[in-house]
Amino acid sequence: MYQFLIRSSKLILLGFLPLLCISSINSDRGAEKDFVEEYGLRMVTEDTIQELEGTMSFEHAVENFKDGQYFNSLKLRLNCNSVEIPNNVEFTIAKENKISKLSIGHYKVNPIDGFINHFDGIFGVANISSMGERPFFSADGTIRILKIEDNSVMGRMNMTLSNGDGSTIKIVGKFEAELL
């Protein structure tokens, strides 16, 4: 009887525990994450994964509005070398009531109410000629700043952008931006 309990316990722990661990993996994200870890920025659509070749630049700005509110922003611009993707992919990270420059951290897309110059979070826009005339705007996602210095910013992004037609694209991967 004692051996039966030990064998049953081993079967449960060694047989079913790995199945529980494997079943909790998000298979949707796994392949994309592996792909992104090895390379730089990618544009992911329903059909394709395309490398975004080019350079990124950034600039800081601090604005003081009439009501005494401060907004600090970091603009990331992707300067693409590709004919299909022109030089108009930009993400702006803004933080309300922050006088000093943005720091290392995790920033996410928040709904924007009102004018674009009064928001807290990320706003992104991309005009991609091969995907039609309508621009894509940030719908969801995050940008993580891993290193920030006077002349460079390094980080990762996982951004979903959509247009008025209901098409969506993802821009994912590592980036390194130089001061504009």
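The values are calculated or read from the model by the stated rules, or taken from the named source; none is laboratory data. Source: prediction; values computed, not measured. Cβ: placed from backbone, ideal geometry, glycine included. Neighbour counts: every protein chain shown.
Determine whether the range 1-13 contains at least one residue that is at pLDDT below 70 and not in a helix (DSSP H, G or I).
yes
Can you list the strands (runs of 3 or more DSSP E) lying wholly within the range 52-110 that have 1 or more residues being surrounded by fewer than 19 Cβ atoms within 10 Å (Cβ to Cβ) and at pLDDT below 80?
The qualifying strands (runs of 3 or more DSSP E) are 54-64, 70-80.
Can you tell which of Ile145, Ile169 is assigned to a strand (DSSP E or B) and farther than 19 Å from Leu74 by Cα?
Only one candidate qualifies: Ile169.
Regarding the range 22-33, can at least one residue be identified that is at pLDDT 60 or above and closer than 17 Å to Ile143 by Cβ?
Looking for residues that are at pLDDT 60 or above and closer than 17 Å to Ile143 by Cβ, one finds none in the range 22-33, hence no.
Are any of the residues in the range 125-141 part of a strand (DSSP E or B) and under 15 Å from Arg42 (Cα atoms)?
Taking every residue of the range 125-141 in turn, at least one turns out to be part of a strand (DSSP E or B) and under 15 Å from Arg42 (Cα atoms).
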